[in-house]
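Remarks on the structure that follows.
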Amino acid sequence: MEPDIRQQLHDAVIAVLRGTVEITPATIRHAAGEAFARFEQQRRIPLSPELRESVIAGIIGEVRGLGPIQPLMDDPLVTEIMINGPDHIYVERGGIKTKTDLRFQSEQDLRRLVERLLMPTGRRIDESLPYADFAIE
């Protein structure tokens, strides 16, 4: 099965970034511009500004270390983030919980992030306790 458009765009931007010495949000945006233009030209599919920004934000989040949830962490209106699987990410803003369209690339990516976040607490997740609550300040 062919990956969805978001995954294809993500992979195209990463391919443009390969070999880049210093990866910053500006270099990611530049690479994304190149990759998106090529994608639109080859596929003849216009990309919405929302999709463009979502892909760019996801890649910036990966580089900064929190993957797809980085934009949520940066949003001062977010009071809670709930992750129930790689493609089930919920957010609470103003007391209202909603499902986001954000997703982790894989179960392994999600597990690595959770393990890294829990490491300083001395706690871990496994089959006997497959969930954790924690706060990041």
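The values are calculated or read from the model by the stated rules, or taken from the named source; none is laboratory data. Just so we're clear, the structure is a prediction, and the values are computed from it rather than from any experiment. Here the Cβ positions follow ideal geometry from the backbone for every residue, glycine too, while neighbour counts run over all protein chains shown. These accessible areas exclude ligands, DNA and RNA; they are computed on the full protein's heavy atoms, side chains included. Shrake-Rupley method; radii C 1.70, N 1.55, O 1.52, S 1.80 Å.
In the chain, helical runs assigned H by DSSP with n ≥ 4 each contribute -39500 (n - 2.57); averaged across all residues and rounded to the nearest 500, the mean residue ellipticity at 222 nm is -15000 deg cm²/dmol. Once both labels are positioned 7 Å from their Cα atoms along Cα-to-Cβ, the gap between R6 and D74 label points is 1.7 nm. Note on the chain: Kirkwood radius taken over Cα pairs, Stokes-Einstein applied at 37 °C and 0.692 mPa s, translational D equal to 200 µm² s⁻¹.
Dipole magnitude for the chain: computed about the Cα centre from +1 point charges on Lys and Arg Cβ and -1 point charges on Asp and Glu Cβ, it is near 260 debye. Which of the three applies to segment 4-62, rounded, prolate or oblate, going by the alpha-carbon gyration tensor with a ≥ b ≥ c and a/c under 1.5 meaning rounded? Because a/c hits 1.5 or more and a/b exceeds b/c, segment 4-62 counts as prolate. The candidates T100, T20, arranged from most to least accessible area with a 1.4 Å probe in the full protein assembly, appear as T20, T100.
Rounded to the nearest whole Hz, the Karplus-based 3J(HN,Hα) values (6.51 cos²θ - 1.76 cosθ + 1.60, θ = phi - 60°) of segment 42-52 follow the sequence 5, 8, 6, 10, x, 9, 6, x, 5, 5, 4, with x at glycine and proline. Based on C-alpha pairs under 8 angstrom that are at least 6 apart in sequence, the chain has a relative contact order of 12 percent. The local environment of Q105, defined by Cβ-Cβ distances under 11 Å, has a net charge of -2 under the rule Lys, Arg +1 and Asp, Glu -1.
Seen against the Cα atoms of the chain and their longest principal axis, helix 107-118 is set at about 50 degrees. Using 0.36 nm per residue and subtracting the Cα-Cα separation, the extra length available between E92 and R111 on full extension is 4.7 nm.
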